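These notes are about the structure you will find just below.
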Amino acid sequence: MVLLQPISNTILHMKRPWNLPNLPVYSLATYAGEQVNFNICTYVSAVSMQPKLYAVAVYNNTQTLVNLQRTDCAVLHLLHANQYNLVNYLGKKSGLTFNKQAWLSRKNLLDTWQNLQVLQGAAAYVSLKKVNVIPSGDHQLFLFEVLKYQSVSNDVLTTQVLSAKNIIRI
């Protein structure tokens, strides 16, 4: 017979289970004609090796969702560790009320990759094609097929860096 020990107070004060892992931070670029919008996302996972597929959860009531409802194309950026300051603009401001493309352009932070506007200096870029979408609570879960990719650096932005810089609480 195995006796279970009571949960200690230390465990009770730990982070929520979904905040325990140190997750990479991404930005998903979505396109509407000549306009591009960028968000911040950590609910991202590779889900298949062949074909290579990514699952990306996109918040409801966002410009990103509006754009994805109109197009099959997106570019996933794995952010570089030095891009932590972008989270305040790309993740904490809504593309419905704040023109992220104009702000990024003024700051000279845009580049072109695969004939699309992207963030300059990301650790990696992944060109995606929408395959499916599943309503998922306060998010929509998108399944994307990888079309092309380019890795630039292994110095990636993580949720731990954002927490250490007091940008997010985990």
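List of remarks:
- Val118 being in contact (Cβ under 8 Å) with a residue 40 or more places away in the chain, among the aliphatic types (A, V, I, L, M) and farther than 19 Å from Tyr43 by Cβ: yes
- Of the residues making up segment 86-107, not a single one is modelled with pLDDT under 95, surrounded by 13 or more Cβ atoms within 10 Å (Cβ to Cβ) and not in a loop (DSSP other than H, G, I, E, B).
- Residue count for segment 41-58 under the criterion of being crowded, with 16+ Cβ neighbours inside 10 Å and either assigned to a loop (DSSP other than H, G, I, E, B) or at pLDDT below 95 (or both): the result is 1.
- Counted residues, segment 7-34 - those being at pLDDT 85 or above, out of contact with any helix residue (DSSP H, G or I) (no Cβ under 7 Å at 6 or more places or on another chain) and part of a loop (DSSP other than H, G, I, E, B): 5
- Enumeration of residues in segment 29-40 that are buried (at least 20 other Cβ atoms within 10 Å of the Cβ) and either without any contact (Cβ under 8 Å) to a residue 60 or more places away in the chain or among the small types (Gly, Ala, Ser) (or both): Ala29, Thr30, Asn39, Ile40
- Scanning segment 70-85 for residues that are within 21 Å of Val152 (Cβ to Cβ) and not in a helix (DSSP H, G or I) gives Cys73, Ala74, Val75, Leu76, His77, Leu78, Leu79, His80.
- Residue, nearest to the chain's Cα centre (by Cα), within segment 20-42, restricted to residues that are under 16 Å from Leu68 (Cα atoms) and among the aromatic types (Phe, Trp, Tyr): Phe38
- Residue in segment 136-152 that is of a type in the set (Val, Ile, Thr), closer than 26 Å to Ala81 by Cβ and part of a loop (DSSP other than H, G, I, E, B) present: yes
The values are calculated or read from the model by the stated rules, or taken from the named source; none is laboratory data. In this text the structure is predicted, and so the values were computed from the model without any measurement. Using ideal geometry, Cβ is built from the backbone for each residue, glycine included, and neighbour counts are taken over all protein chains shown.
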